[in-house]
Amino acid sequence: MADPSMPRSHRSTTIKDRLRRHIAGFAIVTALTAVGLAIFVYSGLYNIGADDHHNKLVFAVLQTLRDRSIQFRATSLDVPNLDDPTLVLKGAGQYAAMCVECHLAPGMANSELRRGMYPLPPDLSTTRVNPRIAFWTIKHGIEMSAMPAWGYSHDDPTIWSMVAFMRRLPEMSPEQYKTIVAMAPPDDDMQMERSSGDAHHD
């Protein structure tokens, strides 16, 4: 603390000197942290394999980053009428074609694909979804996860149909799920992509 008996100009200089030392110290710590982080990243020591899970701190940071990023972008979305039976029926076919192997269905405990995924996708047969968050996630996907950006191959009304169906899914029995999927129109977008792929390989 500056001496009150010291001339004001000297006290001002002392405070400025301390401030400069604090700033310099902070800059050094920041630089050393950045260098240490760079060395750790480039060392390859961190195991990125899906069968070696993140520690609690890393998982919490990534989960918070993901959740806040999606919430920030999804808040302003306009939600259509998701109670429209035609929309729900269309979404059933989309879900069966695109989502069930990762997100399961009523009466389905696991799948070969899902068993090896990390982080584990939510079981949408038991989880109620926020419509805006579900739409944004389906359309844009999530980086460095198995969640693709379906917006490349499906338009917004189709994605909303999936959201409409997902809202009903936790209420369905296995028999109800099979019945509505059997009644649903097929996912033409997926079929056309498969046909194009088959033609390309011929």
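The number of residues in the stretch 105-144 being touching a Phe, Trp or Tyr at 6+ places or on another chain (Cβ under 9 Å) and hydroxyl-bearing (S, T, Y) comes to 1.
Within the set Y42, Y46, the sole residue that is assigned to a loop (DSSP other than H, G, I, E, B), out of contact with any Cys (no Cβ under 6 Å at 6 or more places or on another chain) and more than 16 Å from R168 (Cα to Cα) turns out to be Y46.
For the stretch 94-132, the set of residues classified as in a loop (DSSP other than H, G, I, E, B) and acidic (D, E) consists of D123 only.
Being in contact with a Gly (Cβ under 8 Å, 6 or more places away or on another chain), of a type outside the set (S, T, N, Q) and at negative phi narrows it down to one residue among D67, D51, D123; which is it? From the options D67, D51, D123, the qualifying one is D51. Each residue in the stretch 81-103 was checked for being touching a residue at least 60 places away in the same chain (Cβ under 8 Å) and over 17 Å from T137 (Cβ atoms), and 10 of them qualify. Of all residues in the stretch 118-129, those being over 15 Å from Y95 (Cα atoms) and surrounded by 15 or more Cβ atoms within 10 Å (Cβ to Cβ) number 1.
Every number in this text was worked out from the coordinates using simple rules, so none of it is lab data. Since the structure is predicted, the reported quantities are computational estimates derived from the model, not experimental observations. A quick note on method: Cβ atoms are made from the backbone with ideal geometry, for glycine too, and the neighbour counts reach across all protein chains shown.
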